[in-house]
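Below you'll find the structure, written out as structure tokens, and then a few comments.
FYI, it's all coordinate maths here, none of it is from the lab. Quantities reported herein were computed from a predicted structural model and do not represent experimental measurements. All Cβ positions, glycine included, derive from the backbone under ideal geometry; neighbour counts span all protein chains shown.
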Amino acid sequence: MSIMIYLIPIALVLGCVGLGAFIWSMKSSQYDDMDGAANRILLDDDVTK
Amino acid sequence: MSTATAHIQPQNLNQNDVQNDDYRSLVKDNEKGQHSLSLLVGGVHCAMCIQKIESCLVQQPKVSEARLNFSTGRLNIVWNGATEQANDFVSNVRSLGYTVTPYNPDAEKNSMENENRFLLMCLGVSGFAMGNIMLLSVGLWTTTAETMGYATRELLHAISGLIAIPAVIFAGRPFFNSALAVLRKGQTNMDVPISLGLILACAMSVFETIRGAEHTYFDSAVMLMFFLLIGRYMDFRARKSARSAASDLIQSLSGFATIVENGKPRRILIRDLREGMQILVSAGESFPADSVIEAGESTIDTSLITGETLPRAVHVGDVVYAGTINQSAPLTLRVSKAAEDSLLADVVRLMEKAEQGQAKYVRLADRVSKLYTPVVHILALSAFILWWGFLGAAWQDALMIAVTVLIVTCPCALGLAVPVVQVLASGVLMKRGVLVKSGDALERLAVIDTILFDKTGTLTVGKPQLINDVIPENLQLAASLATHSKHPLSVALANAYQGELLTLSDVKEVSGKGLEAQYQGQPVKLGSRSWIGVENASQSNDLEIWLSVGGQSPVPFHFKDQLKQDARETVSQLQNHGLNVTLLSGDRQNVADVIAREVGITSVFAEQTPIDKYNQLEQIKSAGHKVLMVGDGLNDAPVLAAADVSMAPGTAIDMAQNAADIVFMGDKLSPVSYTHQIAKLTQILVKQNFAISIIYNFIAVPAAFCGIITPMLAALAMSGSSLIVIANSFRLRRYK
């Protein structure tokens, strides 16, 4: 059971990384235009030809 | 600038002088010394629009970023060059065929956006907490303490608590805030038992962790919170689109207008327009304020105000309203009302008022919880007092029994009773092309007794269609000429012909009159009766245009706005269900009467302005009727927002779609009656669900009260009742 001493912190750290990524994505306005993202998937990558 | 004398003839004005909008004043500087400009772009519909606009802008010199928000239509441009470039960007976007209006992001410190972020943040945090606690709980629920060791179990409980408590404190705020707000007003809603359930489940789990007991309930608390937050977020998104309707409309009042001052034209912001100013409006521009025509003749598109698609001819002395569009020739006008007093501004105010009114609707779930919450809390309290005071139990045991009573009655099944059915019903309707935008729309739809229909675009197709037979050669020639114009009748004529088009030379559009061209050496004209010179031909009630080729006698084309195929059938179905059907139209009385007779509606209100429509609705509502409004134009928007529930066809303008609770696709009217049927069925299922939850409580509460249910059993029983409620709701899927 001593493995738990490593596993639990690892799980928590991974969870926190996910949460951090989510908060970062929200702070950088990635959720402000939900419909736009669905449409942009159809665009070519290099808009500047 | 042009140096004209006191009275300017609009025709003599150079377009370049007039179009000199100054967007430089809207440019902002950011920390890095770059300029940024925010604009509201209209007419963005698909991915190609995003690409066209963005790629056009980033190709401009020194532009570092151009980003279009598809949901809101806001375009943000960042560049390093001179501020003067701002005007070039605007004309670039305009030249692609989109409308541009200035947008000031500071003017609107958007509370909706903040709430959106707040809810998302709560959702993210509770999702994180739920995932991690579940990880630990799998271990806890699949093994016994003997296997894993007591210390390990206590450790897992403690870690769960350390994750759950901050998460509940942070992400439970939407419920806590709402519960506190209603409690302060001395009322209660569903958030009160939810908040109490969350707090008690956590508090009891902390207590259990400390005394090293077998079970804690951090996982159920956090999971309940996560699921409830998902529902909360979905509901918020629906409300957000409705709320943005009015602010979009205000933005359309925020462009520039050309005024004549001391004989010189000048562009000013629309909001600075005052009564008595002289303004110039070129062809294609919309009128910035309610005003009276002083010089010029033109046709105007009044669809924004009246919902009618056909242009109306206007002359000196006529009143035009802000938001309508000048179609054919430049006009000089005198402002009769400042922008904020215009009819359009009145419509905006009505919509805002109507949307506030909607907030007063009490959902069924909240009405149930109003009865339920006090009863439950009094029961729990009396259980504690009874066991501790009279039966001599230790206070810990008495408290445990009281908490069990609360958990057993935890509003899981009650909380699920409504949303599960609504989500399933929305899914069933979605497959039929009906989008239900607000959670309680179906609930409100089920109880209506009156339906108000708009005419043009709702009962009818909304576009004129060719109704007479014409010999193919004439149709081909007329359609070939008609493709050169955007006039609604020309468009209808062009649509009526499917074959190959002829090549014509010297095509000219004579504004307000028609089109002329040369074909095989002969002059061809397509236009109004008087212009073609056939005033004496027999009159008809239908819309018409005439074609004349060389010396041959002119040929008429008749058009009519046709009823939707199933309009008659749908109206009679709705009437058979005992609903009052009324027609509410901005069109003339005789036209409205004809349509009403054709579909079988007896109650007709014609020649209604948007404000009349709104007042009409208020009257019907105050007589105690529950009203469904079906409409598609801006003139219907206040009524759509104020009606108990509203539907708009997918062809409606954005504003109407935003204001409506339900949007139906396709060119049929039958979704109205189908959706009404589903809504009624939904309400039956919701009531059954409430009955199930109440029966469950009837059995479980006395048992918990007597102390024969352990918290573990309570948790199991709770899930059981939730499952039954969900299973019952799924019966909706069997309805065809």
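By the beta-carbon count within 10 Å of each Cβ, the least crowded to most crowded order of B:601, B:230, fewest first, is B:230, B:601. Cα extents for segment B:83-205 along the principal axes, largest to smallest and rounded to whole angstrom: 76, 41, 23. Evaluated with a Cβ-only charge set (Lys, Arg +1; Asp, Glu -1), chain B carries a dipole of roughly 1740 debye about its Cα centre, given to the nearest 20. Principal axis extents of the Cα atoms in segment B:463-561, from largest to smallest and rounded to whole angstrom, are 34, 29, 26. Applied to segment B:145-157, the Karplus parametrisation 6.51 cos²θ - 1.76 cosθ + 1.60 on θ = phi - 60° returns per-residue 3J(HN,Hα) values of 4, 4, 6, 8, x, 5, 5, 4, 4, 5, 4, 4, 4 Hz, with x for Gly and Pro.
Per-residue Cβ neighbour counts within 10 Å put B:35, B:45 in the sequence B:45, B:35, beginning with the fewest.
If each residue's Cβ is checked for other Cβ atoms within 10 Å, how do B:315, B:577, B:484 rank with the fewest at the top? Sorted ascending by nearby Cβ count, the order is B:315, B:577, B:484.
Convex hull volume of the C-alpha atoms in segment B:584-679, normalised per residue: 104 Å³. Volume per residue of the convex hull around the Cα atoms, evaluated for segment B:256-352, comes out as 86 Å³. Loop-located trypsin sites (Lys or Arg not before Pro) in segment B:382-479 (DSSP state not H, G, I, E or B) with no more than 15 neighbouring Cβ atoms inside 10 Å: B:432. The phi torsions of segment B:76-90, fed into the Karplus equation with coefficients 6.51, -1.76 and 1.60 and a -60° offset, translate into couplings of 10, 10, 10, 8, 9, x, 6, 5, 4, 4, 3, 5, 5, 4, 4 Hz, rounded to whole numbers, with Gly and Pro shown as x.
With K and R counted +1 and D and E -1, the other residues having a Cβ less than 12 Å from that of residue B:317 yield a net charge of -2.
With N counted as the residues of the protein assembly as shown, its alpha-carbon radius of gyration over 2.2 N^0.38 Å works out to 1.17.
In degrees from 0 to 90, rounded to the nearest 10, what is the angle of the helix B:343-358 Cα long axis to the longest principal axis of chain B? Approximately 20 degrees, to the nearest ten. Amide H contacts of residue B:451: B:580, B:581, B:582, B:628, each under 5 Å away and 5 or more positions distant or on a separate chain (H built 1.01 Å from N in the peptide plane; Pro and chain starts excluded). May I ask which of B:560/B:668; B:486/B:513; B:431/B:560; B:32/B:62; B:52/B:668 have a Cα-Cα span longer than 25 Å here? Among B:560/B:668; B:486/B:513; B:431/B:560; B:32/B:62; B:52/B:668, the Cα-Cα distance tops 25 Å for B:431/B:560; B:52/B:668. Once the dipole of chain B is set up with Lys and Arg at +1 and Asp and Glu at -1 on Cβ about the Cα centre, which of B:256, B:126, B:335 lies farthest towards its positive end? Sorting the options by dipole projection puts first B:126. Mean sequence separation of contacting Cα pairs (under 8 Å, at least six apart), scaled by the length of segment B:31-107, corresponds to a relative contact order of 42 percent. Straight-line reach from residue B:525: which aspartates and glutamates have a Cα under 12 Å away, not including same-chain ones fewer than 8 places off? Straight-line reach from residue B:525, under 12 Å: B:506, B:509, B:516. Against chain B, whose longest principal axis is taken from its Cα atoms, helix B:589-599 shows a tilt of about 50°. Counting only DSSP beta bridges with both residues in chain B, the antiparallel share comes to about 80 percent. Note on chain B: the C-alpha convex hull projects to 40.9 nm² when averaged across all orientations. The magnitude of the dipole of the protein assembly as shown, with charges of +1 and -1 set on the Cβ of Lys/Arg and Asp/Glu and taken from the Cα centre, is near 1840 debye.
The aspartates and glutamates whose alpha-carbon is closer than 18 Å to the alpha-carbon of residue B:370, local same-chain residues fewer than 8 away aside, are B:191, B:440, B:443.
Bridge orientation summary for the protein assembly as shown: considering DSSP beta bridges with both residues in this region, about 80 percent are antiparallel.
In this Cβ point-charge picture (+1 for Lys and Arg, -1 for Asp and Glu), segment B:463-561 has a dipole of about 220 debye about its Cα centre.
In this structure the amide hydrogen of residue B:279, modeled in the peptide plane, comes within under 5 Å of the amide hydrogens of B:260, B:333, B:334, B:335, none closer than 5 places in sequence on its chain. Summarising the amide proton neighbourhood of residue B:646: residues at separation of 5 or more, or on other chains, whose placed amide H is nearer than 5 Å comprise B:629, B:661, B:662.
Contact order, relative form, for segment B:548-670: 20 percent (alpha carbon pairs under 8 Å, 6 or more residues apart, mean separation divided by residue count). For segment B:174-232 versus segment B:64-91, the spacing of their alpha-carbon centroids is 46 Å. Each of B:510, B:430, B:403 was placed along the dipole of segment B:391-532 (beta-carbon charges, centred on the mean Cα), and the one lying farthest toward the positive end is B:510. Each residue of segment B:379-387 is assigned a 3J(HN,Hα), and the resulting list reads 4, 4, 4, 5, 4, 4, 4, 4, 5 Hz, derived from the Karplus form 6.51 cos²θ - 1.76 cosθ + 1.60 (θ = phi - 60°), x at Gly and Pro. Taking Cα atoms only, the orientation of helix B:671-705 departs from the longest principal axis of chain B by about 10 degrees.
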